[in-house]
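This report concerns only the one structure given below.
None of the figures in this text is laboratory data; all of them are computed from the coordinates on show. Computed from a predicted structure; not experimentally measured. Don't worry about glycine lacking a Cβ; one is built from the backbone with ideal geometry, like all the others, and counts go over all protein chains shown.
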Amino acid sequence: MIQLKNRFLDPHGKSYILPFSCLLSSYFILSIKNISFNKIMIKILSSINFFFDKLVLLICIFFSSYCFSKGDLTRQNPVEIEVLLKGKTGENHFYDPSLLKFETGKLYKLKLINISDSKHYFSSTNFANSIFTRKIQVIKNKNKIAEIKGHIKEVEIFPENIVEWWFVPVKTGVFKDLFCHVKDEISEVSHADMGMIGTIIIE
Ligand SMILES: [Cu+2]
C-alpha cells in the first residue's frame, strides 16, 4: 500500500491520475473481496511507470529537435514584398514604400520594380550586412533572364525592369541608410537628395 502511495505521488504522476484512480478502485474492490493481488498490482504499476517514462522521454526528444532546429531557412516559401522605384527625371525620385520591415529567419522575395524613366540603386550597407542572400533574379518582360548568387551589397535596376532579391535576415536593426546614389540627368542632384531614401527595419 505504501509503495502504491509513493507511486501515486511520483513527480511525473500528474498524467497517472486517471489510470491510477481506476487501479486503486479495482484494488479496493478486490481487497473487500479478500483477494490478494498485491504482487500482480505492483507488476502492472511498474510496467505502466516504465511505459510512461519512455513515452515522456520520446516526447521530450521529439519536441527538443522540433524546437531547436528549423531546417534549411533558405528553402521556405518566400514572403513576397514589392518596392516600386518611382519618379520622373528632373522632378522627383522615391521608393514606394520607403519603410520596409522584415523579420529574422524568414525567407523574403523582395521585388524591386522600376517603373520610372531612370535607373535606380537599392543601396543599404547595413541591410546587406544583416542578411543572407540566397539569390538575385533578374526579370525582363516577365521572364527570368539571370540568376546571381553570392553576397550582394547593392543592386541597380534599369527602367521597366524587375530584380528579385531572395534573402533571409539574420541580424536585427533599424537601418536608415537606404538610398539611391544616381544623379538626376536634368537637375544634377542625387536621387537621394531628391527624396529617394528609406528605412529598413529587421525585427
Ligand atoms: Cu534613383
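At a glance:
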| item | result |
| --- | --- |
| Region 73-202: relative contact order in percent, alpha carbon pairs under 8 Å with at least 6 residues between | 32 |
| Neighbourhood charge, 9 Å Cβ-Cβ cut-off, centred on Ile139 and excluding it, Lys, Arg +1 and Asp, Glu -1 | +3 |
| Total formal charge among the other residues, if their Cβ is under 12 angstrom from that of Gly150, Lys/Arg +1 and Asp/Glu -1 | +3 |
| Cα-derived Rg over Rh, computed across region 73-202 with Rh taken as Kirkwood radius | 0.96 |
| Sorted by Cβ density within 10 Å, fewest first, the residues Asp184, Asp72 | Asp72, Asp184 |
| Fewest-first ranking of Ile200, Ile113, Ile145, using other Cβ atoms within 10 Å as the exposure measure | Ile145, Ile113, Ile200 |
| Local electrostatic count at Leu84 - Lys and Arg +1, Asp and Glu -1, tallied over other residues with Cβ under 13 Å | -1 |
| Theoretical FRET efficiency, 1/(1+(r/R0)^6), r = Cβ-Cβ of Lys171 and Asp117, R0 35 Å, to 0.05 | 0.50 |
| Where a label projected 7 Å from the Cα of Lys101 along Cα→Cβ would reach, residues of region 165-203 with amide N under 12 Å | 201-203 |
| Dipole in debye (nearest 20) - region 73-202, about Cα centre, beta carbon charges: Lys, Arg +1; Asp, Glu -1 | 760 |
